[in-house]
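The values are calculated or read from the model by the stated rules, or taken from the named source; none is laboratory data. No experiment lies behind these values; they were computed from the predicted model shown. As a convention, Cβ positions derive from the backbone with ideal geometry for all residues, glycine included, and neighbour counts pool all protein chains shown. Note: areas computed on protein heavy atoms with side chains; ligands, DNA, RNA excluded. Shrake-Rupley method; radii C 1.70, N 1.55, O 1.52, S 1.80 Å.
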Amino acid sequence: MDALIFLIIALPLAGFLTLLFFGKRIGEPLAGYLASATVGTSFVLAAISVLEFIRGDEHGRTVELFEWIPSLGLDATLLWDPLSAMMTLVVTGVGTLIHIYSIGYMHGDPRYGRFFTYLNLFIASMLILVLGANFGVLFIGWELVGLSSYLLISFWFEKPSAAAAGKKAFVVNRIGDFGFLIALMLIFANFGSLDFGHVFEEIHEHAGIISVGTATAITLLLLVGAAGKSAQLPLYVWLPDAMEGPTPVSALIHAATMVTAGVYMVARTGVLFELAPVSQGVVATVGALTALFAATIAMGQRDIKRVLAYSTISQLGYMFMGVGVLGLVGGVFHLVTHAFFKALLFLGAGSVIHAMAGEQDMDKMGGLRKKIPVTFATMMVAWLAISGIFPLSGFWSKDEILAIVFNRGGGYLLLWVIGLVTAGLTAFYMSRMMFLTFWGAPRWDDGVTPHESPPSMTLPLVVLAGLSAVGGLINTPWKPTLEHFLEPAFELVHQTHLPAGGTQVVLAIVSVGVGIVGILVAYQRYVRRDTQLEEGGIWDTLLAGYHVDDIYGRTIVAPGKAASEALAFTADAKVVDGGVNGLGALVKQVGGMMTRLQTGFVRSYGLGILAGAVGIIIWMLIAGGSLI
């Protein structure tokens with residue numbers, strides 16, 4: 001079984017290396033088949049390996065690969081427990097479907113082989129992250145995921161916007177990673193180890209091993225890293241621009257890989273967050289505010305992919321609310337269901353864009369229900385799921401988070417209200433997207449003839465639609481299968497529980513009612529009244545994302561650029577280089593003067609020796625006289 005765990009990572013990594021050297025020669029479509037096969041096989045191996053948890057034969061173990069950094073007590077070790085197993089199934093399962101979809105979507109691209117090379121690297125990187133048994137291995141995967149996202153977001157680098165988006169994602173994530181690194185330094189300074197098992201057992205067995213202040217500092221710094229990777233306030237700005245990459249990349253980033261890394265990391269370190277009540281409140285508050293903030297921006301977007309991008313930011317906010325109040329199961333449960341319906345929404349959007357000859361502006365769509373019926377039918381499932389309509393998957397996971405936050409009581413009730421309002425806004429903007437895309441009169445440009453996507457693209461949509469419909473049944477109030485499955489991973493954390501059954505029912509009814517209201521408002525506006533995309537006033541502000549990028553540009557980017565230019569062209573060029581060049585010139589001048597003493601004539605050297613000897617004798621006479 002240990003060999004299977006290793007192979008789960010090794011197969012996508014081998015696919016990456018093979019395609020890196022031979023991808024262009026292998027070509028289309030074999031490169032896509034090879035990449036899909038490696039990830040698909042990893043999913044099968046993960047499914048086989050997870051059976052031991054389902055049977056109750058095993059609760060978790062580590063797999064040592066090799067000694068890595070002995071001075072830090074770090075080994076290249078993998079952790080196979082229910083949490084890492086669940087994440088592995090999501091990454092490889094959804095990743096396989098996205099790979100298969102990409103075979104058709106990337107047809108004809110001149111860099112077809114390179115695209116699948118990067119996709120395999122992305123999957124392998126995320127698997128290293130979720131399977132790492134210590135913070136060191138996790139951080140390696142963390143950084144490789146950042147590299148992979150840069151390569152894929154800027155895949156069409158000939159477009160200036162794509163190149164800029166890749167750099168933006170890379171830079172913003174480095175800011176978050178700075179906080180993460182400091183947190184790891186504090187963990188090592190206080191525990192003498194970066195191993196999960198050692199750190200968490202020390203906390204469990206020795207109460208007060210670290211102070212509340214230290215725990216708060218560590219967890220808040222971990223939050224900085226998580227906010228960068230999972231696009232939370234204020235480090236969310238890279239994710240909307242990540243839409244510049246091919247649509248399968250968007251689906252992979254948003255559904256199964258990069259943006260879920262922060263949620264996973266907070267859930268994995270729940271033992272630390274339990275020691276820091278302030279950090280719990282900060283995480284939950286950041287999540288709630290991000291969810292609301294991004295949902296309002298999504299209401300004003302015209303690009304179908306940007307609607308979904310802000311939707312992802314908002315849904316990640318729900319996950320942070322869940323893990324923030326120590327409802328760890330609820331947070332990762334929504335991570336799983338969100339992977340299903342968000343991957344479906346992005347791949348469905350890609351199918352729409354494919355049908356519309358590359359058009360992404362919803363103002364130029366409409367009336368597509370009968371033209372692309374499979375895409376329409378499957379996206380309807382995802383639309384209702386993310387809107388929280390019973391009994392689809394999003395209903396179960398979103399309502400569990402809201403119920404846990406409600407049950408925390410106190411000031412957290414305000415966060416519950418924010419989450420409820422966000423649920424209504426989510427139903428509205430997702431309905432707006434669907435109605436503008438599939439209902440109403442066609443608004444297509446001349447020459448556009450919409451058509452359904454090939455089977456390689458529609459088959460993953462059908463599978464994801466099925467998962468989006470029934471995926472929530474893995475953790476219902478009367479049969480919390482996922483909660484029992486994850487118990488060994490969270491056994492050291494005292495989690496926040498759901499309220500009593502009657503309260504849950506009332507909260508669920510209220511939540512579903514809010515979602516239905518959001519759908520009906522959008523239906524009245526965009527179908528009954530046939531309202532097109534809005535312009536002017538608040539809508540332009542929402543379209544511009546409240547001008548946050550402009551604010552960052554004026555207050556951070558421009559001053560930073562000016563300071564960099566001053567340091568480069570003044571401090572460095574004139575002061576540093578000037579000093580070095582001046583010293584070099586001085587040495588050269590002194591050397592030139594000294595060359596005059598080297599004439600090459602013996603008589604000159606003899607005269608110099610005589611003068612030196614006379615000087616020494618005179619000095620000795622003077623010195624001797626003074627001594628007498």
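Given the condition in contact with a Gly (Cβ under 9 Å, 6 or more places away or on another chain), part of a helix (DSSP H, G or I) and not polar (S, T, N, Q), answer yes or no: does some residue in region 63-73 qualify? Yes, the conditions are met somewhere in region 63-73. Tell me, please, whether a residue that is of a type in the set (Lys, Arg), under 30 Å from Thr422 (Cβ atoms) and part of a helix (DSSP H, G or I) can be found in region 552-561. Yes: region 552-561 contains one or more residues that are of a type in the set (Lys, Arg), under 30 Å from Thr422 (Cβ atoms) and part of a helix (DSSP H, G or I).
Taking the criterion of being farther than 15 Å from Glu274 by Cβ, touching a residue at least 60 places away in the same chain (Cβ under 8 Å) and either among the basic types (Lys, Arg) or open to solvent by less than 20 Å² (accessible area, probe 1.4 Å) (or both), would at least one residue in region 213-223 satisfy it? No, the conditions are met nowhere in region 213-223.
Yes or no, residue by residue, for (1) touching a residue at least 60 places away in the same chain (Cβ under 8 Å); (2) touching a Leu at 6+ places or on another chain (Cβ under 6 Å); (3) of a type outside the set (Ser, Thr, Tyr):
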| site | (1), (2), (3) |
| --- | --- |
| Arg408 | yes, no, yes |
| Gly419 | yes, yes, yes |
| Leu436 | yes, no, yes |
| Pro442 | yes, no, yes |
| Ser453 | yes, no, no |
| Met457 | yes, no, yes |
| Ala469 | yes, yes, yes |
| Trp478 | no, no, yes |
| Glu487 | yes, no, yes |
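Against the conditions (1) within 24 Å of Val336 (Cα to Cα); (2) in a helix (DSSP H, G or I); (3) modelled with pLDDT under 95, Lys24 satisfies every one except (1). When restricted to residues that are open to solvent by 80 Å² or more (accessible area, probe 1.4 Å) and either on the phi > 0 side of the Ramachandran plot or more than 26 Å from the chain's Cα centre (by Cα) (or both), region 548-560 contains 0.
Entry remark, region 481-511: residues being surrounded by 19 or more Cβ atoms within 10 Å (Cβ to Cβ), over 30 Å from Val199 (Cβ atoms) and aliphatic (A, V, I, L, M) number 2 in total. Scanning region 200-229 for residues that are in a helix (DSSP H, G or I), small (Gly, Ala, Ser) and closer than 16 Å to Val493 by Cβ yields a single hit, Ala215. Just a yes or no: is a residue in region 98-106 at pLDDT 95 or above, within 26 Å of the chain's Cα centre (by Cα), in a loop (DSSP other than H, G, I, E, B) and of a type outside the set (Asp, Glu)? Yes, because at least one residue in region 98-106 is at pLDDT 95 or above, within 26 Å of the chain's Cα centre (by Cα), in a loop (DSSP other than H, G, I, E, B) and of a type outside the set (Asp, Glu). Exactly one residue among Val527, Val576 is open to solvent by less than 80 Å² (accessible area, probe 1.4 Å) and under 24 Å from Gln301 (Cβ atoms), and that residue is Val527. Given the conditions (1) touching a Ser or Thr at 6+ places or on another chain (Cβ under 7 Å); (2) open to solvent by less than 20 Å² (accessible area, probe 1.4 Å); (3) under 30 Å from Gly197 (Cβ atoms), and given that Gly179 satisfies all but one, which numbered condition is not satisfied? Condition (1) is where Gly179 drops out.
Gly366 meets all of the listed conditions (1) touching a strand residue (DSSP E or B) at 6+ places or on another chain (Cβ under 9 Å); (2) more than 29 Å from Val493 (Cβ to Cβ) but one, namely (1).
Scan region 82-92 for residues that are surrounded by 24 or more Cβ atoms within 10 Å (Cβ to Cβ) and touching a Phe, Trp or Tyr at 6+ places or on another chain (Cβ under 8 Å) and jot them down. Matches in region 82-92: Ala85, Met86, Met87, Thr92. Does Ile516 fit the bill of being of a type in the set (Val, Ile, Thr) and modelled with pLDDT of 95 or more? The answer is yes for Ile516. Candidates Leu51, Leu119, Leu45: the one that is closer than 30 Å to Val199 by Cα and either open to solvent by less than 50 Å² (accessible area, probe 1.4 Å) or hydroxyl-bearing (Ser, Thr, Tyr) (or both) is Leu45. The single condition from (1) surrounded by fewer than 21 Cβ atoms within 10 Å (Cβ to Cβ); (2) assigned to a helix (DSSP H, G or I); (3) at pLDDT 95 or above; (4) of a type outside the set (D, E, K, R) that Pro234 fails is (2).
In this structure, does Asp109 turn out to be in contact with a strand residue (DSSP E or B) (Cβ under 6 Å, 6 or more places away or on another chain) and either surrounded by fewer than 21 Cβ atoms within 10 Å (Cβ to Cβ) or of a type in the set (Asp, Glu) (or both)? Judged against the criteria, Asp109 is not a match. Per the listing Leu4, Leu11, Leu17, the residue uniquely aliphatic (A, V, I, L, M), surrounded by fewer than 20 Cβ atoms within 10 Å (Cβ to Cβ) and over 23 Å from Pro488 (Cβ atoms) is Leu17. Selection of first residues in region 8-22 that are free of Cβ contacts under 8 Å to residues at least 60 places away in the same chain and more than 8 Å from Leu121 (Cβ to Cβ) and of second residues that are surrounded by fewer than 22 Cβ atoms within 10 Å (Cβ to Cβ) and among the hydroxyl-bearing types (Ser, Thr, Tyr), restricted to Cβ pairs under 7 Å at least 6 apart or on distinct chains, gives the following pairs, ordered by first then second residue: Leu11/Thr41. Would you check if Gly192 is without any contact (Cβ under 8 Å) to a residue 40 or more places away in the chain and surrounded by fewer than 24 Cβ atoms within 10 Å (Cβ to Cβ)? Spelling it out, it is not the case that Gly192 is without any contact (Cβ under 8 Å) to a residue 40 or more places away in the chain and surrounded by fewer than 24 Cβ atoms within 10 Å (Cβ to Cβ).
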